[in-house]
């Protein structure tokens, strides 16, 4: 396990196959936040589970974030489409905005979220 105490273990890499996702919860400034990790062709990315249009969760069905064709992430409420690698909204009411990314660290086959960076990016000053 990495020596950085700000890392929170999420999943083993092998749990999330290509074009699959896994949800998780973290606590930031006393509030519970939901996020998800995705495997895009062997590379892992994490975002807050929050549409940039209205701040609602993206997945209508639990843990379903990809379009049927697996090319984009989709907000199941309003149909906004996001690029999996960048989180950029390319279609829908929030076009041009991006999902809130969560910094990951991969080590020894495990995926961690860097809570120190999350606090710096999104926490209270």
Exercise. Quick check: is even one residue across the range 17-25 within 18 Å of residue 122 (Cβ to Cβ), in a loop (DSSP other than H, G, I, E, B) and without any contact (Cβ under 8 Å) to a residue 12 or more places away in the chain?
Worked result: no
Exercise. Regarding residue 125, is this residue modelled with pLDDT of 95 or more and not in a strand (DSSP E or B)?
Worked result: no
For this session: Return a yes/no flag: does the range 78-89 have any residue that is in contact with a strand residue (DSSP E or B) (Cβ under 6 Å, 6 or more places away or on another chain), closer than 18 Å to residue 38 by Cβ and exposed (fewer than 13 other Cβ atoms within 10 Å of the Cβ).
Result: yes
Exercise. Hey, among 42, 109, which residue is more than 28 Å from residue 124 (Cβ to Cβ), modelled with pLDDT of 95 or more and loosely packed, with under 15 Cβ neighbours inside 10 Å?
Worked result: 109
Exercise. When the range 89-110 is examined, which residues are found to be in a strand (DSSP E or B) and under 12 Å from the mean Cα position of the chain (by Cα)?
Worked result: 98, 101, 104
For this session: Could you please let me know if residue 73 is modelled with pLDDT of 95 or more, surrounded by 12 or more Cβ atoms within 10 Å (Cβ to Cβ) and touching a helix residue (DSSP H, G or I) at 6+ places or on another chain (Cβ under 7 Å)?
Result: no
Exercise. Within the range 77-88, which residues are assigned to a loop (DSSP other than H, G, I, E, B) and without any contact (Cβ under 8 Å) to a residue 40 or more places away in the chain?
Worked result: 77, 78, 79, 80, 83, 86
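The values are calculated or read from the model by the stated rules, or taken from the named source; none is laboratory data. Predicted, not measured: the structure shown is a model, and the values here were computed from it. All Cβ positions, glycine included, derive from the backbone under ideal geometry; neighbour counts span all protein chains shown.
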